[in-house]
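What follows is one structure encoded as structure tokens, with my remarks underneath.
The values are calculated or read from the model by the stated rules, or taken from the named source; none is laboratory data. Computed from a predicted model, the values in this text were never measured in an experiment. Backbone-built Cβ (ideal geometry, glycine too); neighbour counts: all protein chains shown.
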Amino acid sequence: MIQIIRSRISSDAGVQGVFRNMERETVMRTKWITKVYAMGKTDVRALRGIDLTVERGKMITIVGASGSGKSTLMNIIGCLDYPTSSTYFLDAVHVEGLSRNRLDDEPLGNLDTKTSVEVLSLFQELYDQGMTIPMITHEADVADCTERITELRDGKIILDKHIKNRRSAKPELYAELQISA
Ligand SMILES: Nc1ncnc2c1ncn2[C@@H]1O[C@H](COP(=O)(O)OP(=O)(O)OP(=O)(O)O)[C@@H](O)[C@H]1O
Ligand SMILES: [Mg+2]
């Protein structure tokens, strides 16, 4: 996978770089997303009104305790699941359908340290070239490597923090691989 991403990075680098400088518009906007799972006679209110706007070319992490609604939100913004109610625009298109492709919403979830630092470093390269990257993490040091941290609790956004000086994963990667920059 890492090789595939690397070749994609080199082939797209110029285009993405220009793209990033030219375009800073909204790539995704949600208005009051709610999701209720019916569990027998009980309703689980997984999302209780999420308003989220992401600009093109941003790297955003969604954090929060287990059960706070991260996967539910990512599935909806990734068009893998329906919200109970919402307005959702992706690239200015009103989203109503679903895709069959399913992606892992915690890309670093079960990886060892070396691999997760390498994948994170690749995500940072993609981000630097203009790609919009939303992901979930439970690790504060991973979140600090992104540009924006959105924290959920009980299906609501409780914190939306923009990071001025995001950490680079590269030094850790170089240290891990025992090579010099
Ligand atoms: N398919 C489902 N049916 C019923 N309830 C669900 C379903 N999926 C999630 N839930 C409930 O919705 C709430 C949010 O779950 P979600 O999986 O989005 O949380 P999460 O933040 O991703 O948690 P984790 O960190 O453990 O992955 C939880 O109360 C969960 O039990
Ligand atoms: Mg989850």
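Observations on the model:
- Of all residues in the range 49-71, those that are touching a Gly at 6+ places or on another chain (Cβ under 8 Å) and over 16 Å from Asp160 (Cα atoms) total 2.
- Residue check, Gly69 away from ligand 2 (no atom under 16 Å from the Cβ) and in contact (Cβ under 8 Å) with a residue 40 or more places away in the chain: no
- Criterion: of a type in the set (Ser, Thr, Tyr), modelled with pLDDT of 80 or more and more than 21 Å from Ile50 (Cα to Cα) - qualifying residue of Ser121, Ser116: Ser121
- Annotation: Thr150 fulfils all but one of (1) more than 17 Å from the chain's Cα centre (by Cα); (2) modelled with pLDDT of 80 or more; (3) surrounded by 19 or more Cβ atoms within 10 Å (Cβ to Cβ); the unmet one is (1).
- Residue count for the range 72-84, restricted to those that are surrounded by 20 or more Cβ atoms within 10 Å (Cβ to Cβ) and more than 10 Å from ligand 2 (Cβ to nearest atom): 3
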